[in-house]
């Protein structure tokens, strides 16, 4: 007999990654397993990379930092974040970010939750497919109405500017949530196109909320980074941010979220930042005061050195070299297995894999995932990226898709692809 629920509590769904990790753990997976390959992970490898700055191996804690920190973070760190964006993206621009344009929080989901809690009674657009954790984030706060915008594979999972303008005007959108580069497709809005999105937000007074956590994992195209160091243009890795196209940091409705999780490869530190107009920073500080109480206080001083521009460029160059090699290796292996990739990732560390040409039942993302568990490889079924707050839509998309991560080290990626190959061979026999 099924136990009745505890009074007053609802069933809270797990995000896609949490679900697959829970299922794998039931079959013996642990994070220090050497025989499993976690190609479902949403985090990058955290060890040394050739050419990267030395990894932080120890942390010294000032005893004064055992106290609560400010809700919006230490001013020294807020200043450092503002200076970094000004150096990389805003040299020569009249309007510059200051510490008052920055809020520190305990990871990306906390930062996005603060923003969501501060939104008013509006229509907010979001895209399909997109990051699995957005679903519950868009469900739990009742002030705004989430409006899905479908991205089609024949358009390269990109939204034409006219389409966005039509959505803003026709549905009265006052905010638009965008991951750039996009999780799970790896598609990128950059250069003049990104400038046009910012201009659109400015003209139509629609806030552009950008999740830029993968903005250093870029594998093609032009850089939004400007002059660097001694004001002479030097060779530098590509980095993309809407900050490069903001005219007035306190008037343009552009809010950027980033942090140490992906671009610095320190996910366990749980340090993120939000960059935007000071009015927005004040609003999300109020939200943070009742939502989470502030970020890890002792670690904030340790972040300062990681945000030195030279260190950032060195780390980014190493990331792009290592992860581009893993991306190319994974794409080649998947193509040879008969797995389609409609649009290759220009960013992130994910492949949005179309399984429709595989033999049944492997052409279904859930069944593909379950079969992979038997060979100790983890993937994430595509249906989890059909962001569907409160299950308003009955038809689930992306049943024939899977997100396959090349976030782990190359040996794990190779072991995981070997396991997927075995699964497919077993079903072709």
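Structure above, values below:
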read-out: Alpha carbon Rg of segment 1-132, scaled by the compact-globule rule 2.2 N^0.38 Å; value: 1.50
read-out: Share of alpha-carbon pairs per 10 Å distance bin for segment 68-313, given as whole %; value: 7, 33, 39, 18, 2, 0
read-out: FRET efficiency, residue 251 to residue 374 (Cβ-Cβ, R0 60 Å, nearest 0.05); value: 0.60
read-out: Computed E for residue 18/residue 46 - FRET, C-beta separation, R0 22 angstrom, nearest 0.05; value: 0.70
read-out: 0 to 90° range, to nearest 10: angle between helix 75-89 axis and the chain longest Cα axis; value: 80
read-out: Tilt relative to the chain, helix 410-428 - C-alpha long axis, 0 to 90 degrees, to 10; value: 30
read-out: For the chain, diffusion coefficient by Stokes-Einstein and Kirkwood Rh (Cα), 4 °C, 1.567 mPa s, µm²/s; value: 58
read-out: Cβ crowding within 10 Å averaged over residues, with 98-111, 310-323 ranked highest first; value: 98-111, 310-323
read-out: Theoretical FRET efficiency, 1/(1+(r/R0)^6), r = Cβ-Cβ of residue 145 and residue 166, R0 22 Å, to 0.05; value: 0.80
read-out: Relative contact order (%) - the chain, alpha-carbon pairs under 8 angstrom, separation at least six; value: 25
read-out: Relative packing of 352-364, 53-65, 19-31, which averages over residues the other C-beta atoms within 10 Å, highest first; value: 352-364, 19-31, 53-65
read-out: Counting DSSP beta bridges with both ends in the chain, the antiparallel % (nearest 5); value: 45
read-out: Spacing of the two label points (7 Å from each Cα toward its C-beta) at residue 344 and residue 152, in nm; value: 2.5
read-out: Crossing angle, helix 191-204 versus the chain [Cα axis fit, 0-90 degrees, rounded to tens]; value: 70
read-out: Full-stretch length increase - residue 3, residue 62 - with 0.36 nm per residue and alpha-carbon distance subtracted; value: 16.4 nm
read-out: Those residues of segment 318-361 whose amide nitrogen sits under 13 Å from the label point placed on residue 414, 7 Å along Cα→Cβ; value: 326, 329-330
read-out: Contour excess over end-to-end distance, with Cα ends at residue 286 and residue 422 and 0.36 nm allotted per residue; value: 43.7 nm
read-out: Pair residue 200, residue 33: separation of 7 Å Cα→Cβ label points (nm); value: 4.2
read-out: Protection proxy ranking of 247-259, 401-413 - average other beta-carbon atoms within 10 Å, highest first; value: 401-413, 247-259
read-out: Segment 156-184 versus segment 95-120: alpha-carbon centroid distance in Å; value: 21
read-out: Between segment 325-396 and segment 274-320, the Cα center-to-center distance that results, in Å; value: 32
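None of the figures in this text is laboratory data; all of them are computed from the coordinates on show. Keep in mind it's a predicted model, so treat the numbers as computed, not measured. Ideal geometry is used to build each Cβ from the backbone, glycine not excepted, and the neighbour counts take in all protein chains shown.
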